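Below is one structure, written out as structure tokens; comments come after it.
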Amino acid sequence: MNITHLMRENWLRKLITLVFFAGMLHTSPPAKASSQGEMKVTLSFKDAPISKVFKGIEKQTGLVFLYNTNQVQDYRVSIYVKKALLNDVLKDILSIKGITWEFRTKTIVLKPEKPAASVGAAPADSAGNAVSGVVRDQNGVPLPGAFIIVKSTQKGAVTNEKGKFTIANVPRGALLQISYTGFTPKIVNATADPIQVRLEVADNRLDETVVMAYGTTSRRLNTGNIGKVTAEEISRQPVSNPLAALEGKVPGVLVTQSSGAPGASVKVQVRGQNSLINGSEPLYIIDGIPFAPNNDNINNLNSMLVQKDGGLSPFSMINPADIESIEVLKDADATAIYGSRGANGVVLITTKKARVGKTTLNANINTGISTVARMLNMMNTPQYLAMRREAYKNDGLTPSASPSSPAFAPDLMIWDTTRYTDVQKLIYGGTAKVLNAGLTLSGGDEQTQFSIGGNFHRETTVLPTDAADNNSSIKLYLHHTNPNRKLNLAFTSLATFDNNKLIPASAINIQLPPNIPELYDSTGHLNWMKGGVTFQNPMAPFLQKYNAITNNFLNNMTVDYKIAEGLIFRTSAGFNIMNIKEQQIKPIASFDPSTNPTGSSVYSNSNFKSWIIEPQIEYTHSLLKGKLDVLLGSTWQTNQRDNVYFSLNGYTTDNLINSIGAAPNVSGKSSDESRYRYEALFMRINYAYANKYILNLTGRRDGSSRFGPDKRFSNFGAAGLAWIFTNEAFFSHYINFLSYGKIRGSYGITGNDQIIDYGYLSTWSSTLAYQGGVSVYPDNPFNPGFSWEKNKKMEVSMDLGLWHDRILLSTAFFKNNSSNQLVSYRLPSQTGFSSITKNLPALIVNKGWEFELTLKVINTKQLRWNIQSNLTVPSNTLVSFPSLETSPYASTYQIGKSINMINQLKYTGVDPKTGLYTFEDLNKDNIIDYKDYQYIGRTNPDYYGSIGSELVYRRFQLNIMFSFRKQLGRNTQASIYSYNYYPGLMYNQPTAVFDRWRESGENATYEKFTATIGSDAYKQGSLFATSSGMYSDASFIRLKNVSLSYTFPDNYLKAVKLKGGKVFIQGQNLFTITKFLGDPETQNLFGIPPLKTIAGGLQITL
């Protein structure tokens, strides 16, 4: 039994225990280590108190542990051994705490922990010994590049390709600290015999592997700011676009979904907008290959996907289940090595790799349903008719059944006033179905590993149509190492085939009258007329077809060869090809026959191609008391895009509408091709001294074909520093609650070349000439003078771990200065050109604070509860713009304001006397026009972030995440008034418009209803469409994700001959808390908002 189990709170019992313990240390005869230390034990504990591990050893050996509880207070370990020597087990679990032990008669006595200053130290006259060993992972695979440091002397070494190391002159009894990226560090005693070290994959955030530019690191040793989303976090979200899984996961990264339609784009912005007019999307790299379309919309034709700046996303071609991790590189230290391509941040997507082990088959199938998360409360028929009658009364008119009357109102005088059709529910009230199924076969030994898998995804829409997105993908991975481990080959291949069927319309009018006549006639065809009056049939767009067939191929080959000890030559090469064929069909049946329509079809073929080769040489060596890593490399990259487009019309029968040859007319045709070439030399020098002081230097010389001959090359670079102050001996002795502390900072310069190709050349376009000929005209003047935008990035950060890392807190301040802005500068019409690309000395500053918190509330074997949260407080300011007041941008930007500013009329409310909208007359000229425009706000958010919870009880796991955003956005009135669908006209309205003016002296939100376009209310409504009234608070808190899973017990799995199994249910966008009328994220009345999804599935391993 353990003597400490008998202790009580009174001082007498404590004194007796202390005396007894001291007596045992001095009187018990030592036992032979060969007899007791060589006992074998089998243990299986995960994150258990060490006292429980001691009990397990006591039961199997009959030995008793004697120790002071203060030695191991709050100390938890994970250990899985079978018939292991007791001595080895004690080394594994006690050495890391600096605790030694001694075998006595049927007793194991733990000796007090020695002070760090003397740990491992030997007398000055003692001779040192050479220490050697091998470092492996838990599967026995050698770990080349592991760093071993002697704690007492701070002397270090790096393992070779076989995981072996040797350190000379190591003091007797010294402690060695072994660390390797992605594994939990370990401390072992130096011995004369070769040391066999096995490291476990890190299960904490500080030591997990983080992918960086051209390598890997960990949060503990990283000098840059890199956010990470793991495969497990992605798998908990029922999303088909991997970028959607980033929302709320990484501070400083703003993710916005454009639409709820399948395949819709997801926009990502890292730390604000750095350029006035050029691209703000980060660089996307998949397995070392730049994604050919980046995150630009790949569609060329219109469809339901086109909402605001949205479209068909290229990332709908990437299967989220294939992804191992997504890293977002944010600061200069992390991004400068990518030069101009990394000005707006870098997103690194790493796909899953095979691991050493027996061949396994993983199967995953899930299915679910999706519905529109938020709908407006629209008027029913009685409410709508009351609005219409009030509108005519306000205009002094009586509704008439005569088409020639200015008060013609067929909805009041001709159509059935008792009929009701909820058009919004008819269009967007359907249920989309989702099916996802995947199989992966993987395995291999130490030399060769393989993985091959396939996935099928089908997603329908909420629209009343059979449209659906069908996606199939295949992934292959091979890795081989030769017997002497000098040569490594890795090959990755992704192939995706997608067929997305939607409708050509980008918006559906849900504001049609609720008493609209029957939509179909007695023959089942669309109805277009009632009582001699034609009407717009909301089902007509669903007879039209849009089809996008997309194929994506991405391949990468990496070759590593060890030239000498610590010197590796590496080449990474690959290509990405994506082609998309679009077709748009508008049959005669989808138009009102009274207009004598003809059918039309549009075709577009687009290709995106990218290839890259990057030879590198890397040198790793232990230097002084640290580890030096030097990387030199070069890049050759080419991107190519081409498109062919033609439009046909005049079809007189729908039977031939799919025949190109049968088209009577060619109404439009075009083709274009562009090519972008990029070359670079880059370097990185990283030095970690004693795992305390870390220096990272990066540099790159870029060459881009988008600039003139004299401006094509530029230099970029950055420096990053980190100090892990908790590794200082003087610090660790006096502040025990702080287990980890790091201060880091970085500064560097990146560029931006996200402008059009051939912008410096004199280019020409074709046009129709006199009498039907073809002519060309110049559309861009020769302009070789513009050059790179420059982005200077600075960051300071502190990372803390408290109480054995139960609390992890990271605080970062960043400031990005973007200058030498590339803009499209308007030219006088006399020049014959509309604009020219030009550098302006404008300076944009993005700065802000980022906070990230991870809290282990409960951490026991049975129950774990973690909380994760992050918050970003950004700021965007145009600091300077010389001669702004005389430039074409004078009405667009203001010094000291955000570049996302809103410059419009200032709405001052509804006049209680007249019931009309009013606006501030800024220049006091009694005329409300563009001269009264003023700053009224900005659309970039004030702050955003998320808070999540992970609760694990035995085999159940529950994950919940809320995302939130404080912002100003375009409201529902913006959609209503921009389309001239004013309240009172023949369009249905949200019930919110009943807060309108009706009589003198009344305060209201909306002006009085109007039924005619010549009224004063209509004129004021036209001004309202260019005022601050179009914007309102679009802040929200959204339950973004809920995931509940249950892992089957091992005994059940063995009974059915399975290696693993799990069932799960997941929810996405379950509810939103907001004052915004409509969806605060998409801010579009006529598009498909983000969908609420509920899915369930099964995952098994054979």
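Taking the options Ala688, Ala729, name whichever one is in contact with a Phe, Trp or Tyr (Cβ under 9 Å, 6 or more places away or on another chain) and either touching a residue at least 40 places away in the same chain (Cβ under 8 Å) or over 27 Å from Leu276 (Cβ atoms) (or both).
Just a single option satisfies the conditions, and that option is Ala688.
Inside region 1030-1050, can you point out the residues that are assigned to a loop (DSSP other than H, G, I, E, B) and farther than 24 Å from Ser946 by Cα?
Listed by number, the residues that qualify are Phe1048, Pro1049.
Name every residue in region 1051-1102 that is of a type in the set (Gly, Ala, Ser) and either in a strand (DSSP E or B) or within 20 Å of Ser946 (Cβ to Cβ) (or both), in order of residue number.
Matches in region 1051-1102: Gly1060, Gly1061, Gly1067, Ala1095, Gly1096, Gly1097.
Taking the criterion of being under 30 Å from Leu1098 (Cβ atoms) and not in a strand (DSSP E or B), would at least one residue in region 386-405 satisfy it?
no
Return the residue satisfying two criteria in turn: it lies in region 1019-1029 and is in a helix (DSSP H, G or I) and of a type in the set (Ser, Thr, Tyr), and of such residues it is farthest from Gln257 (Cα to Cα).
The residue in question is Ser1022.
Those residues that are closer than 30 Å to Leu221 by Cβ, touching a helix residue (DSSP H, G or I) at 6+ places or on another chain (Cβ under 8 Å), surrounded by 19 or more Cβ atoms within 10 Å (Cβ to Cβ) and not acidic (Asp, Glu), I need them from region 782-797; list them, please.
Lys793
Taking region 191-227 as the search range and keeping residues that are at pLDDT below 85 and small (Gly, Ala, Ser), which one is surrounded by the fewest Cβ atoms within 10 Å (Cβ to Cβ)?
Going through the qualifying residues, I end up with Ala192.
Only one of Phe147, Phe183 is within 26 Å of Tyr619 (Cβ to Cβ) and in contact with a Lys or Arg (Cβ under 6 Å, 6 or more places away or on another chain). Can you tell me which?
After applying the criteria, what remains is Phe147.
For region 1063-1073, indicate whether the set of residues that are at negative phi, surrounded by fewer than 17 Cβ atoms within 10 Å (Cβ to Cβ) and in contact with a helix residue (DSSP H, G or I) (Cβ under 8 Å, 6 or more places away or on another chain) is non-empty.
No, because not a single residue in region 1063-1073 is at negative phi, surrounded by fewer than 17 Cβ atoms within 10 Å (Cβ to Cβ) and in contact with a helix residue (DSSP H, G or I) (Cβ under 8 Å, 6 or more places away or on another chain).
Under the condition of being within 30 Å of Lys162 (Cβ to Cβ) and of a type in the set (S, T, N, Q), which residue from region 441-477 is modelled with the lowest pLDDT?
To start, the set of residues in region 441-477 that are within 30 Å of Lys162 (Cβ to Cβ) comprises 441-452, 476-477.
Cutting the leftovers down to of a type in the set (S, T, N, Q) gives us 442, 447-449, 451.
On the way: Ser442: 94, Gln447: 91, Thr448: 94, Gln449: 95, Ser451: 96.
Among them, the one singled out is Gln447.
If Ala589 meets every condition in (1) part of a strand (DSSP E or B); (2) surrounded by fewer than 18 Cβ atoms within 10 Å (Cβ to Cβ); (3) over 34 Å from the mean Cα position of the chain (by Cα); (4) not β-branched (Val, Ile, Thr) apart from one, which number is that one?
Here Ala589 clears every test but (1).
Which of (1) farther than 30 Å from Lys353 by Cβ; (2) more than 32 Å from the chain's Cα centre (by Cα); (3) not hydroxyl-bearing (Ser, Thr, Tyr) is the odd one out, the single condition Asp466 does not satisfy?
In the conditions (1) farther than 30 Å from Lys353 by Cβ; (2) more than 32 Å from the chain's Cα centre (by Cα); (3) not hydroxyl-bearing (Ser, Thr, Tyr), Asp466 misses (2) alone.
Residues Tyr935, Tyr907, Tyr930, Tyr943: which one is buried (at least 19 other Cβ atoms within 10 Å of the Cβ) and not aliphatic (A, V, I, L, M)?
Tyr907
If you check Tyr1006 against the conditions, is it crowded, with 16+ Cβ neighbours inside 10 Å, among the hydroxyl-bearing types (Ser, Thr, Tyr) and within 30 Å of Pro538 (Cα to Cα)?
Details: crowded, with 16+ Cβ neighbours inside 10 Å: yes; among the hydroxyl-bearing types (Ser, Thr, Tyr): yes; within 30 Å of Pro538 (Cα to Cα): yes.
Answer is yes for this residue.
Please enumerate the residues belonging to region 451-469 that are of a type outside the set (Lys, Arg) and closer than 18 Å to Ser259 by Cα.
Glu459, Thr460, Thr461, Val462, Leu463, Pro464, Thr465, Ala467, Ala468, Asp469
In region 954-965, what count of residues is obtained for those that are part of a strand (DSSP E or B) and modelled with pLDDT under 95?
Adding up the residues that qualify gives 0.
Is it the case that Pro514 is of a type outside the set (Lys, Arg), surrounded by 17 or more Cβ atoms within 10 Å (Cβ to Cβ) and under 36 Å from the mean Cα position of the chain (by Cα)?
No, not satisfied.
For region 907-921, state whether one or more residues are farther than 30 Å from Gly745 by Cα and of a type in the set (A, V, I, L, M).
Scanning region 907-921, I find at least one residue that is farther than 30 Å from Gly745 by Cα and of a type in the set (A, V, I, L, M), so the answer is yes.
Please go through region 311-363 and pick out each residue that is among the β-branched types (Val, Ile, Thr), surrounded by fewer than 24 Cβ atoms within 10 Å (Cβ to Cβ) and farther than 23 Å from Asn297 by Cβ.
Of everything in region 311-363, those that are among the β-branched types (Val, Ile, Thr), surrounded by fewer than 24 Cβ atoms within 10 Å (Cβ to Cβ) and farther than 23 Å from Asn297 by Cβ turn out to be Thr350, Thr351, Val356, Thr359, Thr360.
When you go through Arg684, Arg700 one by one, which is the residue that is closer than 16 Å to Ala213 by Cα, in contact with a helix residue (DSSP H, G or I) (Cβ under 8 Å, 6 or more places away or on another chain), at pLDDT 95 or above and surrounded by 18 or more Cβ atoms within 10 Å (Cβ to Cβ)?
From the options Arg684, Arg700, the qualifying one is Arg684.
Regarding Asn605, is this residue surrounded by 15 or more Cβ atoms within 10 Å (Cβ to Cβ) and either among the basic types (Lys, Arg) or out of contact with any helix residue (DSSP H, G or I) (no Cβ under 9 Å at 6 or more places or on another chain) (or both)?
So Asn605 fits the description; yes.
I want to confirm something. Restricting to region 612-627 and keeping residues that are hydrophobic (A, V, I, L, M, F, W, C) and modelled with pLDDT of 95 or more, which single residue is surrounded by the most Cβ atoms within 10 Å (Cβ to Cβ)?
So the residue we want is Ile612.
Only one of these is under 19 Å from Asn940 (Cβ atoms), of a type in the set (Gly, Ala, Ser) and buried (at least 23 other Cβ atoms within 10 Å of the Cβ): Ser303, Ser258. Name it.
Ser258
Only one of these conditions is not met by Leu863: (1) surrounded by 15 or more Cβ atoms within 10 Å (Cβ to Cβ); (2) at pLDDT 90 or above. Which number is it?
Condition not satisfied by Leu863: (1).
Restricting attention to region 548-565, which residues are over 27 Å from Ile613 (Cβ atoms) and either buried (at least 17 other Cβ atoms within 10 Å of the Cβ) or of a type in the set (Phe, Trp, Tyr) (or both)?
Answer for region 548-565, where residues must be over 27 Å from Ile613 (Cβ atoms) and either buried (at least 17 other Cβ atoms within 10 Å of the Cβ) or of a type in the set (Phe, Trp, Tyr) (or both): just Ala548.
When you check Asn470 against the structure, is it assigned to a strand (DSSP E or B) and closer than 30 Å to Ser604 by Cα, yes or no?
yes
Within the bounds of region 198-219, is there any residue that is hydroxyl-bearing (Ser, Thr, Tyr) and out of contact with any strand residue (DSSP E or B) (no Cβ under 7 Å at 6 or more places or on another chain)?
Step one: list which residues in region 198-219 are hydroxyl-bearing (Ser, Thr, Tyr), which gives 209, 214, 216-218.
So of that shortlist, the ones also out of contact with any strand residue (DSSP E or B) (no Cβ under 7 Å at 6 or more places or on another chain) come out as none.
No.
The values are calculated or read from the model by the stated rules, or taken from the named source; none is laboratory data. This is a predicted model, so every value here is computed, not measured. Every residue, glycine as well, gets a Cβ built from its backbone with ideal geometry; the counts of neighbours run over all protein chains shown.
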